[in-house]
Amino acid sequence: MRKVILVTSVIYPDENSTLEHGSKRSAFLPSERLIQTVGTFHSLTLQQPDAQVLFCDASIPDFAEFFRQFFPQFGFLHLHQVNAPLAHLVRSCDNKTVGECHMLLSLWKVFRKEISEADFVLKATGRYLYENLTDKYFTPDNLNRYLFQAETPGTVS
């Protein structure tokens, strides 16, 4: 079964913009967010080595060359390079969900063929480590279904 994993992130958010509730955009420094994203990529490739990973980052700095050293098989979209005004909106919008939707739509526009040809499309966030992402979910019976992994108390998912 062909799988595509979509990962979105803003490794270097606009520190001068706040969210709609007045809180900071991130509790983590950009260097920490970069390390967390590497961890995400590593955890995904360990569990789904045959999946195609497509990554969109809306930061001003382009981290694609850094990531390509370790994950040359990934597809990268540096949103700021493709559409700087949209990337600025993603980094500064007071609602993170709006930014997330713009990044997913941008991935669709660039990687439409790859996404359309997949049997399964997963959405992952760029600062989490994933566990138990085994092939038991990716079966013919689960085609055309939304799959949600229930969190088991005491585990990290």
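The values are calculated or read from the model by the stated rules, or taken from the named source; none is laboratory data. Everything quoted here is computed from the prediction, not taken from an experiment. Cβ placement follows ideal geometry from the backbone for every residue including glycine, while neighbour counts extend to all protein chains displayed. Note: areas computed on protein heavy atoms with side chains; ligands, DNA, RNA excluded. Shrake-Rupley method; radii C 1.70, N 1.55, O 1.52, S 1.80 Å.
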Margin query: Based on this model, can you work out whether residue 138 counts as under 19 Å from residue 56 (Cβ atoms), touching a strand residue (DSSP E or B) at 6+ places or on another chain (Cβ under 6 Å) and open to solvent by less than 100 Å² (accessible area, probe 1.4 Å)?
Written below: no
Notebook entry, point to check: Is it the case that the range 44-53 has a residue that's part of a helix (DSSP H, G or I) and either open to solvent by 40 Å² or more (accessible area, probe 1.4 Å) or under 18 Å from residue 30 (Cβ atoms) (or both)?
Noted result: yes
Next item on the list: Could you please tell me which pairs satisfy a Cβ distance under 6 Å, a separation of 6+ or placement on different chains, a first residue in the range 57-75 that is touching a residue at least 24 places away in the same chain (Cβ under 8 Å), and a second residue that is open to solvent by 90 Å² or more (accessible area, probe 1.4 Å) and of a type outside the set (A, V, I, L, M)?
Entry: 59/12; 61/12
Next item on the list: Go through the residues of the range 110-121 one by one and say whether even a single one is touching a strand residue (DSSP E or B) at 6+ places or on another chain (Cβ under 6 Å) and under 27 Å from residue 30 (Cα atoms).
Entry: yes
Next item on the list: Considering only residues that are at pLDDT 85 or above and over 18 Å from residue 90 (Cβ atoms), look in the range 1-30 and name the one that is most open to solvent (accessible area, probe 1.4 Å).
Entry: 1
Next item on the list: Taking residue 50 as meeting all but one of (1) modelled with pLDDT of 90 or more; (2) over 13 Å from residue 77 (Cα atoms); (3) under 16 Å from the mean Cα position of the chain (by Cα), write down the number of the exception.
Entry: (3)
Item checked: Residues that are open to solvent by less than 100 Å² (accessible area, probe 1.4 Å) and in a loop (DSSP other than H, G, I, E, B), drawn from the range 61-77 -> 61, 62, 63, 71, 72, 74
Notebook entry, point to check: Going by the conditions given, is residue 104 surrounded by 12 or more Cβ atoms within 10 Å (Cβ to Cβ) and at pLDDT below 95?
Noted result: no
